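Trainee: Got a structure for you, written out below as structure tokens; questions coming shortly.
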Amino acid sequence: MIKSMTGYGGAKSATGVYKLSVEIKSVNNRYLDTSVRMPRSFMFAEDTVKNAISAHISRGKVDVFISLDTSSGEDIAVNVNMALASEYKAAVDAIAAELGISGEISAYQLCRLSDVVTLDKKEVGKDEALAELLAVLGQALADFDAMREREGRKLRDDIASHLEIIEGHVSFIEKRAPQSVEEYRERLTKRMLEILESKQIDENRILTEAAVYADHIATDEETVRLRSHISQMRDMLSSDLPVGRKLDFIVQELNRETNTIGSKCNNSDITRSVLDMKSEIEKIREQVQNIE
């Protein structure tokens with residue numbers, strides 16, 4: 001199943017120690033361009049995250065957002081400097097005794113004094129943190145792929161409908177092109193009769209001119225290649241591999257063959273078919289830009 005380059009996925013750790021959240025967003029891009037934003041304490045895992053993304057996604061502008069929920073305070077360590085608190089208490093008692101005033105001081109008041117209580121971030125256990133991060137990342141990627149596959153199905157169906165229309169025009173051209181040769185022969189005969197004002201014309205000359213014209217406007221090779229390209233695109237649309245670049249190349253070939261037919265055939269019906277085909281090819285080209 002083909003996948004769209006545009007997608008979104010997210011996941012959170014339900015029971016993990018670090019309460020991580022991962023979001024993945026992507027848009028169209030010719031190559032893979034990955035940007036990762038994560039807490040400083042998890043920066044050691046940046047390359048691992050990028051490798052996981054590149055193993056999963058072949059192209060697109062991918063933004064990965066990793067956040068750490070610190071609202072519970074579980075990652076904060078409270079440190080108490082008991083020696084300093086004792087020094088503060090002794091100083092207060094000495095002042096009270098010297099001045100003959102009350103020396104009452106509460107534990108809360110001591111905690112508010114400078115450097116008695118300090119807060120530090122707990123050290124992240126790298127192995128445990130990495131395992132949890134990769135687990136959440138895997139869930140986010142699964143959610144991300146589910147959306148890309150849904151979009152991919154829509155793209156596949158839309159492209160397939162345009163291919164059917166193009167194929168119908170190819171069938172029309174295959175049928176109409178030989179008729180245009182006969183019409184040319186009749187026009188040539190009529191014109192020569194008008195010029196010569198006689199019914200005595202060289203039939204061999206007419207046949208020769210018609211044969212030259214038929215060779216000039218022959219589109220058999222182009223229609224055969226068009227059918228081949230259409231068949232290849234249908235096979236690619238059923239592939240589980242990234243085929244966006246290949247599809248883009250085939251679209252260029254479709255357009256080239258169609259232009260060749262347009263330049264060969266001096267026929268209004270075929271010209272209209274060529275213009276309609278070019279319109280359908282352009283619609284396919286726009287959709288292919290969204291495929292991984």
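Every number in this text was worked out from the coordinates using simple rules, so none of it is lab data. Values in this document were obtained by computation on a predicted structure and should not be read as measured data. Reconstructed Cβ throughout: ideal geometry from the backbone, glycine too, with neighbour counts over all protein chains shown.
Trainee: Give the separation of the Cα centroids, segment 243-292 to segment 27-57, in Å.
Mentor: Taking the Cα centre of each part, segment 243-292 and segment 27-57 sit 36 Å apart.
Trainee: Can you sort CYS265, CYS111 from fewest to most other Cβ atoms within 10 Å of each residue's own Cβ?
Mentor: Placing the least packed residue first, the sequence is CYS111, CYS265.
Trainee: Can you tell me how segment 4-50 classifies by the Cα gyration tensor, rounded, prolate or oblate, using a/c under 1.5 as the rounded cut?
Mentor: oblate
Trainee: Can you put ILE281, ILE95 in order of Cβ neighbours within 10 angstrom, beginning with the fewest?
Mentor: The order, fewest Cβ neighbours first, is ILE95, ILE281.
Trainee: Using a/c under 1.5 as the rounded threshold, could you call segment 94-174 rounded, prolate or oblate? The axes a ≥ b ≥ c are square roots of the C-alpha gyration tensor eigenvalues, and prolate needs a/b larger than b/c, oblate otherwise.
Mentor: prolate
Trainee: Kindly put SER268, SER26 in sequence by how many other C-beta atoms sit within 10 Å of each C-beta, fewest to most.
Mentor: SER268, SER26
Trainee: Full extension from PHE44 to ASP157: what is 0.36 nm times the residue separation minus their Cα-Cα distance, to one decimal in nm?
Mentor: 36.4 nm
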